[in-house]
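Before any comments, here is the structure.
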Amino acid sequence: MCPAPLLADTPDQILERYAELAKQEDPAFAGFSADHGHELYLQKRVLPIVGAINCDSCHMPDPREEIIAHKT
Ligand code: HEC
């Protein structure tokens, strides 16, 4: 019997697992990129009724700086 903390994955293990899944979905996946993620965060998408919104519409320009990461 192992106590639970010994079974937990490290951040590197979690990233490795996500990379495996991403490669299965897209063989051209070339690793994680903060710039690409930032682009995605700011990209506008159209929601029915609401209109064009992006992640920033609800989570603020930089969600790391907010204690409550939602716009009211
Ligand atoms: C229409 C408003 C809205 C938009 C747009 C939106 N979110 Fe969210 N997001 C929420 C709400 C509300 C929650 C909390 C849901 C809950 O706890 O059940 C949430 C939760 C999350 C969480 C989980 C946070 C946590 O601490 O558990 C992540 C990560 C997240 N959103 C990322 C994103 C990303 C990335 C985008 C853009 C692709 C995005 N969100 C767009 C409203 C939004």
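The values are calculated or read from the model by the stated rules, or taken from the named source; none is laboratory data. Quick caveat: nothing in here was measured; it's all calculated off a predicted structure. Positions of Cβ are backbone-derived with ideal geometry, glycine not excepted, and every protein chain shown enters the neighbour counts.
Counting only residues that are surrounded by 11 or more Cβ atoms within 10 Å (Cβ to Cβ) and away from the ligand (no atom under 16 Å from the Cβ), which one in region 22-50 is nearest to PRO61 (Cα to Cα)?
For region 22-50, the residue satisfying everything is PHE29.
How many residues does region 57-72 contain that are out of contact with any Lys or Arg (no Cβ under 7 Å at 6 or more places or on another chain) and either more than 10 Å from the ligand (Cβ to nearest atom) or modelled with pLDDT of 90 or more (or both)?
Number satisfying all stated conditions: 8.
Only residues that are in contact with a strand residue (DSSP E or B) (Cβ under 7 Å, 6 or more places away or on another chain) and among the small types (Gly, Ala, Ser): list them for region 16-61, please.
Of everything in region 16-61, just one residue is in contact with a strand residue (DSSP E or B) (Cβ under 7 Å, 6 or more places away or on another chain) and among the small types (Gly, Ala, Ser), namely ALA52.
List pairs: first residue in region 57-72 and within 22 Å of VAL46 (Cβ to Cβ) and assigned to a loop (DSSP other than H, G, I, E, B), second residue at pLDDT below 80 and of a type in the set (Asp, Glu) anywhere in the structure, Cβ distance under 6 angstrom, at least six positions apart or on different chains.
MET60/GLU66
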